Amino acid sequence: MRIRTVGRHTREGFKNLFRNGWMTFAAVSAVAVTLFILGLSIALSLNIQNVSLNIENQLQVNADVSDSVTAKELPALGKELAHLPGVRSITFVSKADALQKMKKILQGNASMFNGLGNPLPNEYVLQAANPEMTSGLAKLVQHVKGIQNVQYGQSFIGKLLAVTAAVRDGAIVLIGLLLVMGIFLISNTIKITIFARRREIEIMKLVGATDGFIRGPFFVEGTLMGLFGAAIPAFVLYELYRWMFLNVTLFPPFSLLPTAYVASRVLWVLILCGVFIGAWGSIVSMRRFLRV
Amino acid sequence: MIELQDVWKEYGNGTAALSGVSVRIKQGEFVYVVGPSGAGKSTFIKLMYREERPTKGHIFVGGFNIERLRERQIPLMRRTIGVVFQDYKLLQKLTVWENVAFALEVIEASRRTIHRRVEEVLDLVGLSEKAGMNPRELSGGEQQRVGVARALVNKPSVIIADEPTGNLDPDNSWGILKLFERVNDRGTTIVMATHNRELVNATHKRVIAIEGGQIVRDQERGDYGYED
């Protein structure tokens, strides 16, 4: 194909957008609505994932050190715990630090500790390499000599993990369904726009245009419609999200992901989907009109 | 130039449109194809530019063996013939100029060639003044002249016309015929299916009459021969 022909297809593709004004509007709207919903679902599921990750990351094993362990023996115990399989991080909270923290929480009532000395134990806080391993790790920790008590939210963990997994899977299924619906809607709209122009295609064929030549402008037109159809929801979603991020106050672990992060994941998906759906939809829908 | 050898055409529903038609048309001839409605004229015409395929037999147009054409070769074959339709088949969204230029863009002619050729044929059909108009702003006769200009613009060796004057009044019909005669004088073969008795009887060209899917008459300087 010559460069001049590519130029012609591009020019014609652009012109056709305006010549078929209402049809263009219908197709661009269909793409825009679908991609808006898709973008919204992706942004939502990214945030749901983030929240569930935040919650999961707060899962930890608190191991109380028995008072019989002397200060000299502590580093060895710490090392032993750190070498257990599946440990991602370990921090030491000394009796003194723990008391300090407790007093801070109790504020005015801190005086109740006076004369009691320090009843709190030294403590190691461990995090497992992944949240599902938390309870297994807790069991290992329990059997380490010098540990007297282990807490890890036993009954809570199983339920939480089940809920976050369900939310994640649900989001994927929802996005899949939306995509299928969207492609159906868009390909139908494009089919109608091309059906209205079957005469044009017939004439092209009768004056000796090759199939490739006929497809050219339709391909450009479809791509442009997809691009516009993606640009609109991309812009709206970006502004909407930015506004939410700036104006809606949430507390951890329920915090919104930063706008730039979400934009970097969502926008290119919308643009690629739009271009693909537009170009592919045009080519597929016109195929049967080429048989003249 | 154009040759049909024992051509049969049956449509999917079992209707036999042509039954064993053989005919030979030499380069530069002017041929009318006449006959009652439903006799097979349109099928005869459509076979020549491969809108229909024969059920049996051989068709040669120019250097092409029509029934052996591969999908890819069909466009190349159609570029060597100009087709004129009863309903003009113009693109309503394009101007007169663009409609004519279209047939050249398709064969990737240079912009200069397109300009030169479009000006030439629009001048030939007398529509230079209306180049910028849309087809719907033109009369039927003018629209058909655009159709003829489009058929002529890439200098085909044959023009095939299916009832080109079917929708036109007598004056405009004569206008189109005069155009065809001028083109024919330059050596282009013309095959024209028609119901227009006045034109056929006044011009004394070769007449092929088709009835019931068969050629019933082929006269060198014939007349219409039907009472309508």
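Being in contact with a Phe, Trp or Tyr (Cβ under 8 Å, 6 or more places away or on another chain) and of a type in the set (Gly, Ala, Ser) narrows it down to one of A:GLY278, A:GLY208, A:GLY216, A:GLY222, so name that one. So that I can check it myself, show each step before the final result.
Working: A:GLY278 fails: in contact with a Phe, Trp or Tyr (Cβ under 8 Å, 6 or more places away or on another chain); A:GLY208 fails: in contact with a Phe, Trp or Tyr (Cβ under 8 Å, 6 or more places away or on another chain); A:GLY216 fails: in contact with a Phe, Trp or Tyr (Cβ under 8 Å, 6 or more places away or on another chain).
Selected residue: A:GLY222, the only one of A:GLY278, A:GLY208, A:GLY216, A:GLY222 that is in contact with a Phe, Trp or Tyr (Cβ under 8 Å, 6 or more places away or on another chain) and of a type in the set (Gly, Ala, Ser).
Check whether at least one residue in the stretch A:68-84 is of a type in the set (Ser, Thr, Tyr), more than 31 Å from the chain's Cα centre (by Cα) and either over 18 Å from A:PHE251 (Cβ atoms) or in the same structural domain as A:MET133 (by TED's automatic domain parsing) (or both), and report yes or no.
The first filter runs over the stretch A:68-84 and keeps only residues of a type in the set (Ser, Thr, Tyr), leaving A:68, A:70.
Now restrict to residues that are more than 31 Å from the chain's Cα centre (by Cα): A:68, A:70.
Okay, now just the ones that are also either over 18 Å from A:PHE251 (Cβ atoms) or in the same structural domain as A:MET133 (by TED's automatic domain parsing) (or both), so A:68, A:70.
The answer is yes; a qualifying residue exists.
Within the stretch A:86-133, track down each residue that is under 17 Å from A:ASN62 (Cβ atoms), out of contact with any Gly (no Cβ under 8 Å at 6 or more places or on another chain) and hydroxyl-bearing (Ser, Thr, Tyr).
A:SER89, A:THR91, A:SER94
Give me the helices (runs of 4 or more DSSP H) completely within the stretch B:128-228, filtered to those with at least 1 residues that are out of contact with any helix residue (DSSP H, G or I) (no Cβ under 9 Å at 6 or more places or on another chain), ordered by residue number.
On the way: elements: B:140-152, B:170-185, B:197-203.
Where helices (runs of 4 or more DSSP H) fall fully within the stretch B:128-228 and carry at least 1 residues being out of contact with any helix residue (DSSP H, G or I) (no Cβ under 9 Å at 6 or more places or on another chain), they are B:170-185, B:197-203.
For the stretch B:204-220, enumerate the residues that are closer than 22 Å to B:ILE81 by Cβ and crowded, with 16+ Cβ neighbours inside 10 Å.
Residues of the stretch B:204-220 closer than 22 Å to B:ILE81 by Cβ: B:205-208, B:210, B:215, B:218.
Result: B:LYS205, B:ARG206, B:VAL207, B:ILE208, B:ILE210, B:ILE215.
So which of B:LYS41, B:LYS26 ends up being away from chain A (no Cβ under 13 Å) and under 23 Å from B:ASN154 (Cβ atoms)?
Numbers: B:LYS41 fails: under 23 Å from B:ASN154 (Cβ atoms).
On inspection, the qualifying residue turns out to be B:LYS26.
Look at the stretch A:232-256 and say how many of its residues are farther than 29 Å from A:ALA27 by Cα and free of Cβ contacts under 8 Å to residues at least 40 places away in the same chain. Outline the logic, then answer.
From the stretch A:232-256, those farther than 29 Å from A:ALA27 by Cα are A:244-256; that's our starting set.
The next check asks that each one be free of Cβ contacts under 8 Å to residues at least 40 places away in the same chain; those that pass are A:244-251.
Number of matching residues: 8.
Would you confirm whether or not the stretch A:87-99 contains a residue that is surrounded by 15 or more Cβ atoms within 10 Å (Cβ to Cβ), of a type outside the set (Ser, Thr, Tyr), in contact (Cβ under 8 Å) with a residue 40 or more places away in the chain and not in a loop (DSSP other than H, G, I, E, B)? Even if it seems obvious, please write down each step before you answer.
Applying the first criterion (surrounded by 15 or more Cβ atoms within 10 Å (Cβ to Cβ)) to the stretch A:87-99 yields A:87, A:90, A:92-95, A:98-99.
Imposing the further condition that a residue be of a type outside the set (Ser, Thr, Tyr) reduces the set to A:87, A:90, A:92-93, A:95, A:98-99.
Next cut, in contact (Cβ under 8 Å) with a residue 40 or more places away in the chain only: A:87.
Still in the running and not in a loop (DSSP other than H, G, I, E, B): A:87.
Checked against the condition, which is being surrounded by 15 or more Cβ atoms within 10 Å (Cβ to Cβ), of a type outside the set (Ser, Thr, Tyr), in contact (Cβ under 8 Å) with a residue 40 or more places away in the chain and not in a loop (DSSP other than H, G, I, E, B), the stretch A:87-99 yields at least one hit.
Please tell me if B:PRO75 is within 12 Å of another protein chain (Cβ to nearest Cβ), buried (at least 18 other Cβ atoms within 10 Å of the Cβ) and farther than 16 Å from A:GLU202 by Cα. Walk me through how you get there before you give the answer.
On the way: within 12 Å of another protein chain (Cβ to nearest Cβ): yes; buried (at least 18 other Cβ atoms within 10 Å of the Cβ): yes; farther than 16 Å from A:GLU202 by Cα: no.
The answer is no for B:PRO75.
The values are calculated or read from the model by the stated rules, or taken from the named source; none is laboratory data. Values in this document were obtained by computation on a predicted structure and should not be read as measured data. Note: ideal-geometry Cβ built from the backbone for every residue, glycine included; neighbour counts use all protein chains shown.
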